[in-house]
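We did not get these values from a lab; they are worked out from the coordinates using the rules stated. Just so you know, these numbers come straight off a predicted model, no measurement behind them. Here the Cβ positions follow ideal geometry from the backbone for every residue, glycine too, while neighbour counts run over all protein chains shown.
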Amino acid sequence: MARRARQTGLNSKVYRHFAVITVCLTATLAIFADGENRSAMAEELDARDEHTALKQEEAEKYGKPRLIATSHDRPRNTGGGFDADGGGEFGAPMDDLGSDQGSGYVPPSRATTQVGLGIDYAALGLTQAQFEALSQAERDALLQQLRAQRTRQARSLLERSAARGGVEL
């Protein structure tokens, strides 16, 4: 006698129930996750408000902070490094002839330049005694010529470097 075989596969009702349950669980998780996100955003906003209030109290107590100090307010920079004002135009020479700011360069012992003085007597073609024997107007003119020469040299170096790099100044 032949018997009818039972179907072991799942029918379409089971698939529909599974889909409905999946959608309901996903929606429930999304609602809870959104609520958690809102509470985290509220905490962040509270922290920002508190930080802003502290900044305002500090400004009232100590005055408004200045972003850039003027040259007479800040101490002189005697070490090598960057100034607060950035040192001028981008690409400009970083040497400032006649200043007493250190550059990190230590001349050899036989050089005529004194460390910290900022005047390169050898570049001027004079000794220190000859330079000091000049009048103030002659010194200023000589230093101005040296500055102009170094500016031209630096500009030439920048132009050649830009040409090698394919950049047009």
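Remarks
- Region 124-169 and region 46-63 have Cα centres spaced 50 Å apart.
- Here the simple spin-label model places points 7 Å from the Cα toward Cβ, and for D140 and E58 these points are separated by 4.5 nm.
- Region 119-168 - Rg (one decimal) and Dmax (whole number), Cα, Å: 15.4, 48
- Excluding same-chain neighbours fewer than eight residues apart, no lysines are reachable from K13 by a Cα-Cα span under 28 Å.
- Our coupling estimate for region 12-26, obtained by passing each phi through the Karplus curve with A = 6.51, B = -1.76, C = 1.60 and θ = phi - 60°, is 5, 5, 5, 5, 5, 4, 4, 5, 5, 4, 4, 5, 5, 5, 4 Hz, Gly and Pro reported as x.
- Note on E89/F32: beta-carbon distance plugged into 1/(1 + (r/R0)^6) with R0 of 45 Å gives a FRET efficiency of 0.20.
- Diffusion coefficient, µm² s⁻¹, Stokes-Einstein with Kirkwood Rh over alpha-carbon pairs of region 12-64 at 25 °C and 0.890 mPa s: 167
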